[in-house]
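These notes are about the structure you will find just below.
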Amino acid sequence: MQAEPPPRKLLDRVRDRIRVKHYSYRTEETYVQWIRRFILFHNKRHPSEMGGDEVNAFLTHLAVNENVAASTQNQALSEILFLYREVLELELGLNLDAVRAKRPRNLPTVLTVAETLEILNNLTGVYQIVAKLLYGSGLRLNEALQLRVKDLDFAQQQIMVRDSKGMESRVTMLPRNVVEQLQEHLQIVKRIHQQDLARGYGEAHLPFALSRKYPNAAKEWIWQYVFPSSAIAKDPRGELMCRYHIHESGIQKALKQAVRAAKIEKRVGCHTFRHSFATHLLENGYDIRTVQELLGHKDVKTTMIYTHVLNRGGKGVISPLDR
């Protein structure tokens, strides 16, 4: 009689459930990290032996002892709720309105057009192209880095953003200013891909079950990342040796140096380009619904924050001192 396999470890079950839901690898790592911290905080007690009181204690510790932001505390709560609801199939009976920290409503940092161009001019190579797409197309950083060759439509001057936040897809514009630079970059990437194929590599990580449905698609040019990494490495979710996209830390460091070189005295990150994209479109008279679609916001209320940014700094309002 064949012995039954040992039960899977809890964190492995968490990973299995996350992959069933097709969450990204980055999301998977975040969920596992918070669930592990929750378990370690309670001296490695199994979550099935704990409940709402232990969750409250952990969230209180984060707020009082670690002084985390409200968004961080809410993120931890979401991951723990996922563990109980999706993996353990247990209800905690928490009063979520009482547990969830209220997030402060902060207006985003927005650059002027002159400041944006100054920063872009202080970037070079691949990082400059990525930054131009963040500002010129309103992309999030991970959306730009995850672009495949097939997502760029030069004929219609548009970009297809696939499986973005909330597993949604959308279409946004491809700026004319970056087309020539992007096409020259793709020629270099294609030569690298051909060299990889000659060495027995050249496969790209495919989403979902496409690798089984189309066995040869992974080696096709259209499925390669627009911004591939400089080295071939093992896929963290499997055994495939492939060339993943460049790491986000590279452009973050380059941007920090560019902001310093441009002498911009604002807190600027990669997402600042997306905020500036939306604000500048509204300044130029574009309809807020159009901006909402380009950004991929589900609710127009999310996009409305940029109308508040437009009114900042006295725009449209004359100070009584100036009268």
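Taking the average, over residues, of other Cβ atoms within 10 Å as the packing measure, peptides 21-30, 73-82 rank 73-82, 21-30 from highest down. Extension gain for Leu11 to Met304 (0.36 nm times residue separation, less C-alpha to C-alpha distance): 101.6 nm. Selection among Gln195, Ala262, Val126 by position relative to the dipole of segment 113-309 gives Gln195 as farthest towards the positive end (Cβ unit charges, Cα centre). Sorting the segments 270-281, 111-122 by their residues' average number of neighbouring beta-carbon atoms within 10 angstrom, most packed first, yields 270-281, 111-122.
Take every pair of alpha-carbon atoms less than 8 Å apart whose residues are at least six positions apart; their mean separation over the length of the chain yields a relative contact order of 17 percent.
Working note: Cα gyration tensor of segment 242-316, eigenvalues times five, square-rooted, sorted largest first, giving semi-axes of 27, 19, 9 Å. Pairwise Cα distances in the chain exceed 35 Å in 35 percent of cases. Along the axis of the charge dipole computed for the chain (Cβ charges of +1 for Lys and Arg, -1 for Asp and Glu, origin at the Cα centre), the listed residues Gly238, Pro228, Leu77 are led at the positive end by Pro228.
Within the listed set Ala144, Ala155, Ala218, the residue fluctuating most in the Gaussian network model of the chain (springs between alpha-carbon atoms under 10 angstrom) is Ala155. Among the listed pairs Lys44/Lys298; Lys190/Lys213; Lys21/Lys102; Lys21/Lys266; Lys165/Lys263, a Cα-Cα separation exceeding 31 Å is found for Lys44/Lys298; Lys21/Lys266; Lys165/Lys263. Tell me, how many Å apart are the Cα centres for segment 151-225 and for segment 240-314? Going from one Cα centre to the other spans 23 Å. Excluding same-chain neighbours fewer than eight residues apart, the aspartates and glutamates reachable from Lys234 by a Cα-Cα span under 20 Å are Asp12, Asp16, Glu28, Glu29, Asp196, Glu203, Glu220, Glu248.
Values quoted throughout were computed directly from the atomic coordinates according to the rules given, and no laboratory measurement underlies them. These figures come from a predicted structure and were not determined experimentally. Every residue, glycine among them, receives a Cβ derived from its backbone with ideal geometry; neighbour counts consider all protein chains shown.
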